[in-house]
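Taken together, the values in this text are just the output of simple stated rules run on the coordinates, not laboratory data. All figures in this text were calculated on a predicted structure; none of them were measured in a lab. Methodologically, a virtual Cβ is constructed for each residue, glycine included, from the backbone with ideal geometry; neighbour enumeration extends over all protein chains shown.
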Amino acid sequence: MGEIITANRLIDGVVVFQAEKGWVEDFAAAAIYDEGEAAKAALALARQDEASNHVVEPYPIVVEMRAGHYAPKALREAIRAAGPTTRLDLGKQAQGQSPRSLARA
Amino acid sequence: MYRYDEFDAGFVAQRVSQFRDQVERRLRGDLTEEQFRPHRLMNGLYLQLHAYMLRIAVPYGTLSSNQMRKLAEIARKYDRGYGHFTTRQNLQFNWPALKDVPDILAELASVEMHAIQTSGNCIRNVTADHFAGATADEIVDPRPYAEIIRQWSSQHPEFSFLPRKFKIAVNAAPKDRAAIRAHDIGLQAVRNENGEFGFTVFVGGGLGRTPMIGHKIRDFLPEADLLAYIAAILRVYNLEGRRDNKFKARIKILVHEKGEAAMREAVEAEFAAGERVGLELPAAEIARIRAYFALPALEAKKPVSDRCERRRGKDARFSSFMLCNVAPHKAVGYGVVTISLKPVGGVPGDATADQMDAVADLAEDYSADELRVSHEQNLVLPHVALDDLPAVYDRLASVGLATPNAGLVSDIIACPGLDYCALATARSIPIAQRISERFGDGARAKEIGPLKIKISGCINACGHHHIGHIGILGLERAGEETYQITLGGSGDETASIGQITGPGFSSENVVDAVETIVSTYKALRRDDSEDFLAAYRRVGMAPFKEALYERSAGSDI
């Protein structure tokens, strides 16, 4: 288990994830923090980006290992990281950016 | 249709330019999100699960061809090529970029549309019977009253910061197609013994986490007093409604806690004491607004169309379409056509830009340029000559919109649920898709008869599950989606809140549970003419409960 910091990009609302440097659209490229101090520090950094109007409403999500890859633990976050389950042609999944371990029925 | 006058056009244009300035200031960093949020919400712009979401008002569900084409154009140019028609007769775009929204609003203003008051604690889009102005059974077109309320309530200084959002619905036929008793204020147009128009007034209905059926507080309100009386209700609510707890802030809670009699007394006292100058509706003004909604000039027709009947005789699917999707029109030889946005396996309420264009063309060619959006997430061609039905049907079929299932088991209302919504606790669209795939739109659905299934993905109940004959509420339990089922709800003139069957069902089992309910109904109905709701009201919950939890392997207990 670990944590990832996510937010929406201010200018277009796109879901983004905090990476080593800046924010990325692809969940697979997100930085993963140990729960606790590291995640808190990352969130503090994200709040600075919020204050400087790059992103909106950053928050941490819990991720876990599935089939050798990290994936969001909660269904809500899995959908947010991939796109609507009813329209695979929309959202990040349409650009090959969904969490690698998320197998869709 | 109502047309903007100079004032309306100026007002909307001013709001567009205000919002453009607000967006620029937000993007520059002059406004924080906290400062900006109320401005974007007042313009219908939410931040949802994947992106921003723009909710566009379709006042009382009435659209022109031109407006529909503009929505299609916006879908292509600024969104992802489709739009979602909602249970509030509105349209939502799920993917707009904040930087583009001022341009989208300017495009909307060019066809007399906007997104004002589609969010926030104000009087929201006033909804109405989607067959209004066309249906054979109405005593008057309710839309002029809805338009008057819309004008009066737009940016109303006293009622723009209510304890909570406020929804008003107007209906004018004995059949309530606007679910008025599930609204904060429900208005039923009636005629008194002198033949004068007025309203029966219901207050305190609503769904959400505390579902309530509205209380009748006035049998007959003269139409001239419409605004003064609504203002009196809102004043009582504004003063006495709870602001300390968001979940108890709707007027339904006030009415429930205060009691129907005390609420009536308070409203009547406020109404009697209130300053009515400027609020009394002059007959001339009602007539002026009514003129915008005049029935279009329709060529005289025979009551039965030979062309239509010939097609009916040889095409079973067309015949089903006639039976389910065509309602009686007030003009002889015409019909009111429901365009189902519920293809089997489809997403309830979604329409592609190409479909919107096709529907706009049909409205232009066959329906006096008019369209309606229903709270059941369908579209309506209100004025179609029976002679034209075969052609209309064929053109609808060519764009995947001729599903003959209006009012049947697969005509399901579903909120966007967890696939789009930041508030949702479970998905609702996939459940709707699987139910419609199970029952289809053919012989099986027809055999089951009228049945309203409504699905919400959280307790806020945007999918109206409490008033579904079968209601499904998606919840999350220990990280898994689970679905609670209610039976016997109704949003019509016999409004009732559905009763919970018992423990919920997993996503895997919920469709089987619906099938168990449907099979139980079919086994116990007196005959084909006893529909699901009537049968449920006759026999009650017991046989369904027994089938679900004692006999069926589908239950999760």
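Observations, loosely collected:
- Stokes-Einstein translational diffusion, segment B:406-515 - Kirkwood Rh over all Cα pairs, 1.002 mPa s, 20 °C, in µm²/s: 158 µm²/s
- Estimated FRET transfer efficiency when R0 is 51 angstrom, pair B:Glu158-A:Glu57 (beta carbons, to 0.05): 0.95
- Kirkwood Rh and Cα Rg combined as Rg/Rh, chain B: 0.95
- Within the protein assembly as shown, the cysteines lacking any other cysteine Cβ closer than 4.7 Å to their own Cβ are B:Cys122, B:Cys308, B:Cys324, B:Cys421, B:Cys458.
- Cβ-Cβ FRET estimate between B:Ala534 and A:Lys21, R0 fixed at 56 Å, reported to 0.05: 0.30
- The order of the peptides B:153-163, B:176-186 by mean Cβ neighbours within 10 Å, most packed first, is B:176-186, B:153-163.
- What you get for segment A:21-105, charging only the Cβ of Lys and Arg (+1) and of Asp and Glu (-1), is a dipole of about 320 debye around the Cα centre.
- Farthest towards the positive end of the charge dipole of the protein assembly as shown, among the residues B:Phe36, A:Phe27, B:Thr520, is the Cα of B:Thr520, using unit charges on the Cβ of Lys, Arg, Asp and Glu.
- Fewest-first sequence of B:Thr338, B:Thr520, B:Thr210 by Cβ atoms within 10 Å of each Cβ: B:Thr210, B:Thr520, B:Thr338
- Peptides B:238-246, A:49-57 ordered by average Cβ neighbours within 10 Å, highest first: A:49-57, B:238-246
- Cα-based shape type of segment B:391-435, given that a ≥ b ≥ c are square roots of the gyration tensor eigenvalues and the cut on a/c is 1.5: prolate
- Here the extension length gained between B:Asp137 and B:Asp5 equals 44.4 nm, from 0.36 nm per residue of separation less the Cα-Cα distance.
- In terms of surrounding Cβ atoms within a 10 Å radius of their Cβ, B:Met42, A:Met1 rank from fewest to most as A:Met1, B:Met42.
- In the protein assembly as shown, helical runs assigned H by DSSP with n ≥ 4 each contribute -39500 (n - 2.57); averaged across all residues and rounded to the nearest 500, the mean residue ellipticity at 222 nm is -10500 deg cm²/dmol.
- In segment B:202-254, the chymotrypsin sites (Phe, Trp or Tyr not before Pro) that fall in loop regions by DSSP, at most 13 other Cβ within 10 Å: none
- Calculated P(r) tail over 21 Å for segment B:231-387, as whole % of Cα pairs: 66 percent
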